[in-house]
Amino acid sequence: MSPFPPYRAQVVTPIPVTTAGQRAKALAEAGYNGFNLRANTVTIDLLTDSGTGAVSTDQEAAAARGDRSYAGSDSFFRFREAVSELTSFPHIFPVHQGRAAERVLFTNVLRPGQISLSNTHFDTTRANIELLGCEARDLPCAEAADLDSESPFKGNIDLDAVAQILSGPDSHRVGMILMTITNNGGGGQPVSMANLKAVRDICRRHDVPLLLDAARFAENAFLVTRREDGYAGHTPRQVAEEAFGLVDGAVASLKKDGIAPMGAFIGLRDPELAQRCELNLIATEGFRTYGGLAAHDLERVAQGLSEVLDPAYLAARAADTERLAQLLGDAGVDIVRPPGLHALYLNAGRLLTHLPPSAFPGHSLACELYLRGGIRCAELGSLYLGTFDEHNELVTPAPFELVRIALPRRVYSQAHYDYVAGILADIAKDPGQVPGYRVVDAPKLLRHFNLRMEPLRTPAFTRREARSSRVSPAGSR
Ligand code: F0G
């Protein structure tokens, strides 16, 4: 019997249903950049799983009793207890979101010129490290390079590469090792406990702090119970507790596995480092008992942290992702294998073989999903990860042309995902119809949020325009 979600909807919100003409107009006005779209023109929003999860009645009940005292509020103590039960960190600070936690912690861990090693740094993490004059070096394991391999822990760090750096000329510059669980920048793949323990041993030997970016700690723990020898009998909570127990500290955006609209924490063992972080937090985020969060946010997070570790919830989430992966496989749309939990990463380069990296196949597929189905998602290919010259021409393409479709927690049903699979299957029937794109205008920094694009007027594109809209959401006007 397939797992089902251990909850039912009590409050729902309508989603916009648009015509093909409305979508074409909205996307053109947005400069063919999904980040510029107004959300009321998006039918299925798979841009991110961050801050987009549905809250529970228990979370809202807790939020209602939020204690807004500036200092020492009851909400803080409930928050701290929930995080401390899970992580065992003696020093815990609330922060408004993950990237702020990164800034506060890294400012106090790293000195300019140092290096951070990671399985893969998330983009804000990398930015916070580089802003400090440090280097963020990604060392994904070799299996990660094979998108089709079913290897269970492609989120792991390359242990040989870590050992080599720590015994080479750069060893004195390594300021921290940061393990991202699950590896969002690396196809949403999990990290094994064996890999985490091995890194911990290396860090001990070389006296380098080991930190977690634990945004999706529950999903990583669940995948460990499913895939790692010796963990089948563990609960996700037991695995998560063990993972936090291995490290010196952690940052975690709670907009993902806190199932909260806003929130994050910093957890630390070293009292002296904690004291420095606390000063920085008070100066830049808020007092140590709220850290930039409203009382209701602290309450939602405290409750969310227990709900997210419910094995029935995680099994139902895994079933959603696996089922969608299956449907896409049947339609001939390849993804990064094996599917994780929070997102599927579509192999756009393999689907749109008529488009070279310079025509941005990932971006083209993302635009096509919106134009045909009102589905919003994010490119993870040459547009985002490539390098460009001053005329916005692509110089170095990304290794892969991917599109991430992220699954918000507890939000969409199987019928919504069937619809997404249907639109992708339709695109896959005649991928040559999908036009490439060129960059019209792009800022130097944070380019993918603000750039403007336009479709290349290929013959195929003109044909498609002439046919106008064939597919639109059920009941579209
Ligand atoms: N670390 C990871 C692994 C993340 O995925 C994110 C955010 C952050 C840190 C930053 O946390 O958003 O609370 O400041 N990821 C979102 C995403 C934005 O869509 O993957 P934040």
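Summary of values
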read-out: ³J(HN,Hα), Karplus 6.51/-1.76/1.60, whole Hz, each residue of the stretch 23-38, x for Gly, Pro; value: 5, 4, 5, 4, 5, 4, 5, 7, x, 6, 10, x, 5, 8, 6, 7
read-out: Positive-end residue, the chain charge dipole about Cα centroid, Cβ charges, pick of ALA218, LEU110, ILE157; value: ALA218
read-out: Cut-off under 5 Å, modelled amide H: who pairs with MET179 long-range; value: LEU211, LEU212, ASP213
read-out: Within the accessible area of the stretch 57-307 (1.4 Å probe), percent carbon and sulfur; value: 49 percent
read-out: Residues of type lysines that LYS154 reaches as a straight line, Cα spacing below 18 Å, ignoring anything fewer than 8 places off in the same chain; value: LYS197
read-out: Estimated translational D of the stretch 57-307 in µm²/s (Stokes, Kirkwood radius over Cα pairs; 25 °C; 0.890 mPa s); value: 135 µm²/s
read-out: Stokes-Einstein D for the chain, Kirkwood Rh over Cα pairs, 4 °C, 1.567 mPa s (µm²/s); value: 56 µm²/s
read-out: The chain, dipole about Cα centre (Lys/Arg Cβ +1, Asp/Glu Cβ -1), debye to the nearest 20; value: 1200 debye
read-out: Tilt relative to the chain, helix 311-331 - C-alpha long axis, 0 to 90 degrees, to 10; value: 30 degrees
read-out: In nm, spacing of pseudo-spin labels at HIS391 and GLU150 (7 Å Cα→C-beta vector); value: 4.8 nm
read-out: Net charge dipole size for the stretch 57-307 [Lys, Arg +1 and Asp, Glu -1 on Cβ; Debye, nearest 20]; value: 500 debye
read-out: DSSP-assigned coil residues among chymotrypsin sites (Phe, Trp or Tyr not before Pro) in the stretch 1-95, each with at most 14 further Cβ atoms within 10 Å; value: TYR70
read-out: Degrees separating the helix 193-206 axis from the principal Cα axis of the chain, which is the longest one; value: 50 degrees
read-out: Label-point separation in nm, HIS206 to LYS444, each point 7 Å along Cα→Cβ; value: 3.3 nm
read-out: Theoretical ellipticity at 222 nm over the chain - DSSP helices of four or more residues, -39500 (n - 2.57) apiece, nearest 500; value: -12000 deg cm²/dmol
read-out: Separation of alpha-carbon centers, the stretch 235-261 and the stretch 21-70, rounded to whole Å; value: 24 Å
read-out: Dipole moment magnitude, nearest 20 debye, the stretch 275-375 about Cα centre, only Lys, Arg, Asp, Glu C-beta charged; value: 260 debye
read-out: Vicinal HN-Hα couplings computed from phi for the stretch 388-397 (Karplus, 6.51 cos²θ - 1.76 cosθ + 1.60; Hz; Gly/Pro x); value: 10, 8, 5, 9, 6, 8, 5, 9, 10, x
read-out: Dipole axis of the stretch 251-337 (+1 Lys, Arg; -1 Asp, Glu on Cβ), positive-most option in GLN303, ALA319, GLY292; value: GLY292
read-out: Local electrostatic count at GLY34 - Lys and Arg +1, Asp and Glu -1, tallied over other residues with Cβ under 13 Å; value: +1
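The values are calculated or read from the model by the stated rules, or taken from the named source; none is laboratory data. Keep in mind it's a predicted model, so treat the numbers as computed, not measured. Virtual Cβ from ideal backbone geometry, glycine too; neighbours counted across all protein chains shown. With ligands, DNA and RNA removed, areas are computed over all heavy atoms of the protein, side chains included. Shrake-Rupley method; radii C 1.70, N 1.55, O 1.52, S 1.80 Å.
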